[in-house]
Amino acid sequence: MVLYGPVWSDWVRYDVRDKLRKWREDKVRNSTETAELGEYLLANYRRKLGDEVWPLFEQVSIASLDCGKLSLARLCIHAVREQFPQSSRSKRLHGMLEEAEGDFESAKETYEEILKGDPANGLVMKRLVAIHKGKNDIPSAIKELNKYIASFMSDSEAWMELAELYIQEQDYSKAAFCFEELILYNPHHHLYHQRYAEILYTQGGIDNLEIARKYFAQAVKLNSNNIRALYGMLLCAYHIASSSKSTAKKKTENTKYASWAKVQLDYKYKQSEPKDEEVLGEMFDRLAITSGN
Amino acid sequence: MAELLLDTNIRFWVVLPIVFITFFVGIIRHYVSLLLSSQKKVDLQKVSDGQVLMRSKLLRENGKYLPKRSFQMRKHYFNDEETGFFKTQNREPAMQNPMADPSMLTEMMKGNLTNILPMIVIGGWINWTFSGFVITKVPFPLTLRFKPMLQRGVELASLDASWVSSASWYFLNVFGLRSVYSLILGENNAADQTRLMQQQMAQPMAMAPDPAKAFKAEWETLEIVDHKWMLANVEDELIGNTPYPSDVYVKNKYQ
C-alpha cells in the first residue's frame, strides 16, 4: 500500500515493468520468466499500468502459451478480446490459443477469417504454416509455406524454416536451394555457408563434395574458430582424395587441403583441451590421414 | 539603413502571440489528423512486388557467392524471354489521375483540409489583425523585390526590406517550429507541413508506373550481370597467402 511516497513494492513494480518493456522492445523471448513476472504484475497492479497493460497482455499471453500455462493465456487473451473485438491482432492471439488447446480446425477458421479481411497479413499466414507443423503434417506445412514465400520473397526467416522442413523430409536439393537464398541475403554469415556445405556433403557425389569443400573453406575463412567447418573440409578433402575417380592432380591437391585442415584442428585442440590430443590422434590414424604427401 | 525603435508592446502583444498561435494550431492539426486518418489498406500485390525487386537486387549483388548453376537458375527464373518473372508479369499501371480514383481523392482532400486550409485562414487572419506595423527585422539584407511580399500594409517607400510585418513572421514560425513539433510529438507527426509539401511533389513520380517500369529496369540490370564465382580459389587463399595474425596456425609454407 502506498502511503507517503514510493515504497519497496513500488520499486519492484517499476523494475519488473521496465524489464518487461525492454524485453518487449528487443523481442526477447524468455518465456518462463516473462510469464511469471507478467502474472505478478497483472494480478497486483493492473490498474496502475494504464494503457501499457494491452501490449503487456499480448506479451504475457504469448509467453504463457510457450510455457503451456493455458489458464493464464486464456485470461489475458479474453481481456484483450473484450477490449479490442475487431482487431486482427487480438483475433490472431485467440487463434494461437485455440492452436495451443489442440483445436486446429477452429484455429484455421479464425486465421482464414482474418486473412479475408486483410490479405497481406504475413503473421497470420505463418500461423497457418504452424498449424500444419503442429499436426505434424510436414508436406502441407511445406505447401503452405511455399505459398507464403511466393508473396514475401525476402523474408529470410521463412526461407530458414522452409529449409528445416525440407531437411526433415530429406529433400536435400530443395533444402540446398533455400540455403542458397539465405547466403544471398547474408553472404558473410559463416554458419549459412557451413550448413549449405553440410547439405551438399550429405547429398554426396564428387562434384557436390568439391563444392562443399569450397563452402567449408569459405566458412573457415569467415570465422576461423568454426571447428565444424574445419572437420567438414577435412572429410570432404579426404573423401575426394581417396575416391577412385579422381585424377592424380586432384588427389595431391586434396591431401594437401586435408592435412592443412588437420594441422589447424590439432592446433585448436591443443589450445583448448590438451588431454584430448590422444583421442584426436587415434581418430586421425583411423582415417589414415598423414601430414604432407 | 534606418534604425527604427519599435514599441516594446509589439514584442509582448504581437511577436509572442503569433508564436503561441502557430504552435497550438500545429498541435491541434496533429490530433485532428490522427482522428481523421483512415486505416491504410495494404495491397498484397504491391508488397509482393517490392519483395521480388529486393530479391532480384540481392541476387545481383551477392550472386557471386553462389555456385554458377544456382545463379543461372535464378537469373533464368527472373529474366527468361518466355517464362521469366519480369517478362510475364504484366502489371496494370495504377491509377495516376487522382480525380478518377475515389479513395485517393478523399485522402488528398483530407490532407489538404487539415494542412493548407488552416494555414491560409490563420495567415489571413493574422495579416488582418496585426496590420499596419512592422514586427521585426530580419538579420540579413533583402532586396526591394521582397518589400510587397513581406511588408503587407505598410506602404513606406523608403523603409528597408529587412523590416517585416506579422504575416511573414507567421510563415517563419510555421517552418521554424517543425523541430519543436518533432521534439514534442515524436517523429512523423502530422503537424509537419513541409514534409507534406515534399510528399506532394514527390508523389507523381513514385506511384503508378512503378511496377511495370521497375520490372523493366530490374530486368535490364539483371541481364548484364555476369557471374564470377568468389569461391573459386578460396582454399588456396585460405592455405597459402593469407596468414591471419593470431588465429590461423601456419607451420610452414607448403612446398
Using 1/(1 + (r/R0)^6) with R0 = 60 angstrom and r between the beta carbons of residue B:20 and residue A:32, what's the FRET efficiency to the nearest 0.05?
0.70
Tell me, what ³J(HN,Hα) does each residue in the stretch A:236-253 have, in order and in whole Hz, if you take phi through Karplus 6.51 cos²θ - 1.76 cosθ + 1.60 with θ = phi - 60° and put x for Gly and Pro?
4, 4, 4, 5, 5, 5, 8, 6, 6, 8, 8, 6, 4, 4, 4, 4, 5, 3
When Lys and Arg each count +1 and Asp and Glu each count -1, what net charge do the other residues less than 10 Å away from residue A:58, Cβ to Cβ, add up to?
+3
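Where the convex hull is taken over the Cα atoms of the stretch A:1-83, what is its projected area averaged over directions, in nm²?
Over all viewing directions, the stretch A:1-83 projects a mean Cα-hull area of 5.4 nm².
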Rounded to whole Hz, the Karplus (6.51, -1.76, 1.60) HN-Hα couplings of the stretch A:89-97, x for glycine and proline
5, 6, 5, 5, 4, 4, x, 5, 5
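Which value, in debye to the nearest 20, gives the size of the charge dipole of the stretch A:188-293 about its Cα centre, when Lys and Arg are +1 and Asp and Glu are -1 at the Cβ? Write down the numbers at each step before the final one.
Numbers: 15 positive and 11 negative charges, 85 e Å.
Dipole of the stretch A:188-293, to the nearest 20 debye: 400 debye.
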Would you mind putting B:215-224, A:46-55, A:110-119 in packing order, based on average other-beta-carbon counts within 10 Å, highest first?
A:110-119, B:215-224, A:46-55
Quick calc: nm separation of the 7 Å Cα→Cβ label points for residue A:21 and residue B:13 -> 4.6 nm
Quick one: if the Förster radius is 22 Å, what FRET efficiency do residue A:138 and residue A:202 give, using the C-beta to C-beta distance and rounding to 0.05?
0.75
Please give the length that would be gained between residue A:282 and residue A:14 if that part of the chain were fully extended, namely 0.36 nm times their separation in residues minus their C-alpha to C-alpha distance (nm, one decimal).
90.7 nm
Cα→Cβ-extended label distance, 7 Å offset, between residue B:156 and residue B:180, nm:
2.8 nm
Between the Cα axis of helix A:8-26 and the main Cα principal axis of chain A, the angle (0 to 90°, nearest 10) is 50 degrees
Directionally averaged projected area (convex hull, Cα atoms, chain A), nm²
21.4 nm²
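Can you give the percent of C-alpha pairs in the stretch A:99-179 whose distance is more than 15 Å? Don't skip to the end; give the middle numbers.
On the way: 1789 of 3240 pairs.
The share of Cα pairs beyond 15 Å in the stretch A:99-179 comes to 55 percent.
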For peptide A:222-229, compute the average count of partner chain beta-carbon atoms within 10 Å of each residue's beta-carbon.
1
Taking only C-alpha pairs under 8 Å that are 6+ residues apart, what is the relative contact order of chain A in percent?
7 percent
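Where the only charges are on Cβ atoms (+1 Lys, Arg; -1 Asp, Glu), what is the dipole of the stretch A:99-179 about its Cα centre, to the nearest 20 debye?
280 debye
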The stretch A:188-293: Cα Rg divided by the 2.2 N^0.38 Å rule of thumb:
1.04
Using 29 Å as the Cα-Cα cut-off, could you pick out the over-long pairs in A:249/A:270; A:22/A:135; A:147/B:87; A:221/A:270?
A:249/A:270; A:22/A:135
Name the residues whose placed amide hydrogens come within less than 5 Å of the amide hydrogen of residue B:136, ignoring near sequence neighbours (fewer than 5 apart) on the same chain.
B:164
Enumerate the calculated ³J(HN,Hα) couplings along the stretch A:170-185 in order (Karplus 6.51 cos²θ - 1.76 cosθ + 1.60, θ = phi - 60°), each rounded to whole Hz, writing x wherever the residue is Gly or Pro.
6, 9, 6, 5, 5, 5, 4, 4, 5, 5, 4, 4, 5, 5, 4, 7
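We did not get these values from a lab; they are worked out from the coordinates using the rules stated. Since the structure is predicted, the reported quantities are computational estimates derived from the model, not experimental observations. Virtual Cβ from ideal backbone geometry, glycine too; neighbours counted across all protein chains shown.
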